[in-house]
Amino acid sequence: MRFIRALAHSWEHSADHREWTFHLKKNVLFHHGRELSARDVVFSLERLRANPDLYEASWMFRGIEQIGAVDARTVRIVLQEPNYLFLRLLAAPPASIVPEEIVQEAAETFGKNPVGTGPFQLVRLDEGICILEAFPAHFQGRPQLDRVEILLFPDLETGSLREPDWTAVMMSHEAAAKAEALREAAVRASSDWCDLETLFSCCNLLIFNQRLTGPQNHPKFRQALDLLIDRELIVAELGGDRIYPAKGFRPYSPALATLAADSAPRQNRADIAALLAESGYQGETLRLVTTSYHEPDARWIQARCQSCGIPVEVAIREPFDLRTKGLCPRMTVCFSEML
């Protein structure tokens with residue numbers, strides 16, 4: 001279970017946001033029956049922080065200077081410097097708390113037989129199926145579902161499985177409410193499949209590799225790209241599941257969108273050229289790395305940049321390749337998404 005989202009019922013911090021004290025909820029049980037303690041929190045976060053080669057998320061907690069258990073239900077954390085995003089980091093999936101003794105006994109197999117404090121516990125995981133059953137002792141009450149079965153299909157030839165009637169699938173952001181969307185889906189098709197798709201908080205973003213020498217390190221160059229990439233135009237031209245132009249990390253809000261649109265800078269080639277000149281850009285080639293899912297967006301950005309004299313080389317990689325440290329020195333820009 002993620003630390004902040006469920007396990008800590010209160011916390012306080014020093015005036016400079018460097019020292020944090022967290023008070024854990026009582027009677028939070030792990031799936032194997034033991035009550036969660038402050039030692040588990042310290043062990044879980046230290047486990048990530050001390051093993052950057054094993055855990056990609058270790059960077060999230062490398063700013064911790066000191067962490068310790070004050071008592072069985074109190075954790076004190078001291079940061080090297082103020083971090084106003086620290087609570088958000090503790091609410092991320094990597095900050096899930098695990099039982100110390102179980103991990104130490106079976107560290108290599110823990111990923112296949114995890115033990116946590118969530119509403120469902122793993123009872124089976126093999127090549128064909130993953131089965132989760134309700135955890136009756138969950139601190140927020142027993143979940144309403146008794147069992148969740150997830151079928152794991154290998155790569156199969158086309159036609160091996162009966163295709164569902166995809167006309168039953170619809171986008172709920174076109175309906176007044178989720179209940180109405182589900183009703184319409186049931187009326188429109190008699191298929192056994194009835195899916196409800198909802199719009200969730202997600203935005204695409206460009207990540208600049210500032211460890212590599214190049215024009216992407218100059219703020220004026222990044223401002224030029226910001227003006228060059230017209231969000232409204234990319235949504236209009238590419239369509240698909242690109243619903244709204246992104247104005248920030250938060251979910252779409254009509255009121256915020258109107259305010260942002262009124263204050264948004266207009267596309268002006270003269271302003272873009274001036275920013276490029278101020279940045280000292282000399283026509284260097286940018287290397288944009290992304291996955292096949294984002295290739296249409298990358299190609300669109302490539303064409304827009306080249307229209308202003310910025311050559312862009314697009315490299316398509318598998319998602320797991322983007323986690324490889326050796327790839328970072330060779331890419332100028334990465335195109336990805338943030339949930």
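The values are calculated or read from the model by the stated rules, or taken from the named source; none is laboratory data. The structure presented is a predicted model; accordingly, all values stated were derived computationally and were not measured. With ideal geometry, Cβ positions are generated from the backbone for all residues, glycine too; neighbour counts draw on all protein chains shown. Heads up: the accessible areas ignore ligands, DNA and RNA and are worked out on the full protein's heavy atoms, side chains in. Shrake-Rupley method; radii C 1.70, N 1.55, O 1.52, S 1.80 Å.
Of note:
- Residues that are surrounded by fewer than 18 Cβ atoms within 10 Å (Cβ to Cβ), within 20 Å of the chain's Cα centre (by Cα) and modelled with pLDDT under 75 occur at least once in region 308-320.
- Number of positions in region 258-302 that are of a type outside the set (D, E, K, R) and either under 18 Å from residue 234 (Cβ atoms) or at pLDDT below 85 (or both): 22
- Total residues in region 124-152, condition aliphatic (A, V, I, L, M), farther than 29 Å from residue 9 by Cα and in contact with a strand residue (DSSP E or B) (Cβ under 7 Å, 6 or more places away or on another chain): 5
- Number of residues in region 6-45 that are more than 28 Å from residue 81 (Cβ to Cβ) and hydrophobic (A, V, I, L, M, F, W, C) equals 4.
- The numbered conditions (1) over 26 Å from the mean Cα position of the chain (by Cα); (2) over 17 Å from residue 103 (Cβ atoms); (3) open to solvent by 40 Å² or more (accessible area, probe 1.4 Å); (4) free of Cβ contacts under 8 Å to residues at least 60 places away in the same chain are all true for residue 35 except (2).
- Screening residue 53 on (1) free of Cβ contacts under 8 Å to residues at least 40 places away in the same chain; (2) of a type outside the set (S, T, N, Q); (3) loosely packed, with under 13 Cβ neighbours inside 10 Å; (4) touching a helix residue (DSSP H, G or I) at 6+ places or on another chain (Cβ under 9 Å) shows it passes everything except condition (4).
- Failed criterion for residue 41 (all others in (1) at pLDDT below 90; (2) buried (at least 17 other Cβ atoms within 10 Å of the Cβ); (3) more than 21 Å from the chain's Cα centre (by Cα) hold): (1)
- One residue stands out in region 81-100 among those that are without any contact (Cβ under 8 Å) to a residue 60 or more places away in the chain and out of contact with any Phe, Trp or Tyr (no Cβ under 8 Å at 6 or more places or on another chain): the one that is surrounded by the most Cβ atoms within 10 Å (Cβ to Cβ), namely 88.
- Number of the condition not met by residue 8 [criteria: (1) within 27 Å of the chain's Cα centre (by Cα); (2) of a type outside the set (Lys, Arg); (3) modelled with pLDDT of 85 or more]: (3)
- If the condition is being open to solvent by less than 40 Å² (accessible area, probe 1.4 Å) and in a loop (DSSP other than H, G, I, E, B), then region 281-307 contributes 281, 283, 291.
- Apart from one condition, residue 69 fits all of (1) touching a His at 6+ places or on another chain (Cβ under 9 Å); (2) among the hydrophobic types (A, V, I, L, M, F, W, C); (3) under 30 Å from residue 15 (Cβ atoms); the exception is (1).
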